[in-house]
Amino acid sequence: MHGDAELHHAAELYYVQGMTMEAVADRFGVSRPTVSRMLQAARDRGIVRISLSAPPDAGHDLSHRLREAFGVTVHVTGTPRGATDPQRLESVARSAAGMLGEWFGDGMTLAVAWGTTTSAIAGHLHPKTTRDTLVVQMNGAFSARSPGAAQSSALLGRMSTAFGAALLPFPTPAFFDNVQTRTLMWQESSVRRVLAARNGADLAVFSVGAFRGPMISQVYSNGYLSDEDFRELAAQRVVGDVCTVFLREDGSYADLDLNRRASGPTPMELRRIPRRLCVVAGDHKVPGVVGALRAGVVTDLVIDERTAASVVRHLFGR
């Protein structure tokens, strides 16, 4: 069993100083296969993080057009032409996990919206030791008809463990039955503590929820909403949600009655967080992505190439 210091030394000799495996093996007095295993262990423990720089033209036009239109930094991940929706999700989740590992550091607070995409991101995080850090849940997950609370708890637990951060859950319903209950709950000291941490976060990660398509978001598929709620969403031309706050394609949200019962931050509140990472994959999310961009809630967008192309076509017609 090799310690982190030894793995770091071996990785530095091989990746930074350019020594061959044979030379590294001689330095450590071990076999070449042992060096290979040491380098793999260094990657598995997050001591070594390998990134690839795409050719300048790979997704460059797509990211440039979205950046010019909305002022966001767009990270386009390449996927094979025949990639399935789950494969596209894994591609963006892997890239987003690498970015979180780079951006999140000592003294920072990470705000997380639970869901299928952020769960996939958590599965790709490499352990990273941080100090005085906090992971806070952005939107409630409790519902009488859904196991979402357990799912969100597992997601937040994986993220906080990966960074060695403290965890601050948000023990409220995803949607309240009435506005008055939400108003009273927001006055509770325990809830106010979560809201203060959420509003003061340095970094947020979330996706865009969609209620149509091959991979329907958990908010819509797990019984959080009634049939009457769905009819209201359709009547109000809602195309998706961010952190359980519903959006139209033009980015408007403030006049939607359902949002008065939602637990997540409004776009206005979300915009107070300096860096806001939105991660999406799938053509069914295109209208929601457009709504999120127009609402100004995104500073960094991780999106697969096919979805990015669909967003550009949707916006610009070509």
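The values are calculated or read from the model by the stated rules, or taken from the named source; none is laboratory data. Everything numeric here is computed off the predicted structure, so don't read it as measured data. Here the Cβ positions follow ideal geometry from the backbone for every residue, glycine too, while neighbour counts run over all protein chains shown. The protein model used for the area step is the full one, side chains on, heavy atoms only, and it has no ligands, DNA or RNA in it. Shrake-Rupley method; radii C 1.70, N 1.55, O 1.52, S 1.80 Å.
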Review point. For the charge dipole of the chain, defined by +1 on Lys and Arg C-beta atoms and -1 on Asp and Glu C-beta atoms about the Cα centroid, which residue among Ala23, Gly157, Gln40 has the Cα displaced farthest towards the positive pole?
Key: Gly157
Check your understanding: Anyone know which of Ser119, Ser36, Ser153 comes out most mobile in the 10 Å Cα GNM of the chain?
Key -> Ser36
Check your understanding: Pairing the Cα long axis of helix 305-316 with the longest principal axis of the chain, what angle in degrees results, from 0 to 90 and rounded to the nearest 10?
Key -> 40 degrees
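Go ahead and run the numbers for FRET between Glu269 and Thr84, Cβ-Cβ distance against an R0 of 45 Å, rounding to 0.05.
The formula returns an efficiency of 0.80 here.
Take the alpha carbon gyration tensor of the range 154-289, find the square roots of its eigenvalues, order them as a ≥ b ≥ c, and report rounded if a/c is under 1.5; if not, report prolate when a/b exceeds b/c, else oblate. Please report the intermediate quantities before stating the final value.
Working: a/c = 1.65, a/b = 1.23, b/c = 1.34.
It comes out oblate by the Cα gyration axes.
Kirkwood hydrodynamic radius of the chain from all distinct Cα pairs, in Å? Present the calculation step by step, with values, prior to reporting the outcome.
Numbers: mean 1/r = 0.0480 Å⁻¹.
With all distinct Cα pairs of the chain included, I get 20.8 Å.
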Revision key, fill the gap. With a ≥ b ≥ c from the Cα gyration tensor eigenvalues, square-rooted, and the rule rounded for a/c under 1.5, otherwise prolate when a/b > b/c and oblate otherwise, the range 38-138 is prolate
Point to revise | 0 to 90° range, to nearest 10: angle between helix 85-103 axis and the chain longest Cα axis | key: 70 degrees
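Need the full-extension length gain, Glu6 to Arg131, defined as separation in residues times 0.36 nm minus the C-alpha distance. One decimal, nm.
Working: separation 125, 0.36 × 125 = 45.00 nm, distance 2.30 nm.
Once the chain is fully extended between Glu6 and Arg131, it gains 42.7 nm.
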**Study point:** Estimated distance in nm for a label pair at Thr181 and Phe28, the labels positioned 7 Å out from Cα along Cα-to-Cβ
**Key:** 5.7 nm
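Only bridges whose two residues both fall in the chain count here: according to DSSP, what percent of them are antiparallel, nearest 5? Kindly include the intermediate steps, with their values, before the conclusion.
Working: 6 of 30 bridges.
Counting only bridges with both partners in the chain, antiparallel ones make up about 20 percent.
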Point to revise | Tilt relative to the chain, helix 286-295 - C-alpha long axis, 0 to 90 degrees, to 10 | key: 80 degrees
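Could you report the range 193-312's accessible area per residue, 1.4 Å probe, as an integer in Å²? Before the final figure, lay out each step's value.
Details: 4160 Å² over 120 residues.
Per-residue value: 35 Å².
With runs of 4+ DSSP H residues as the only contributors, calculate the mean residue ellipticity of the chain at 222 nm using -39,500 (n - 2.57) per run, divided by the residue total and rounded to the nearest 500.
Rounded to the nearest 500, the figure is -13000 deg cm²/dmol.
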Point to revise | For the chain, built as a Gaussian network whose Cα springs stay under 10 Å, the top-fluctuating residue of Ala141, Ala111, Ala42 | key: Ala42
Exercise for review: Using a/c under 1.5 as the rounded threshold, could you call the range 61-109 rounded, prolate or oblate? The axes a ≥ b ≥ c are square roots of the C-alpha gyration tensor eigenvalues, and prolate needs a/b larger than b/c, oblate otherwise.
Suggested key: oblate
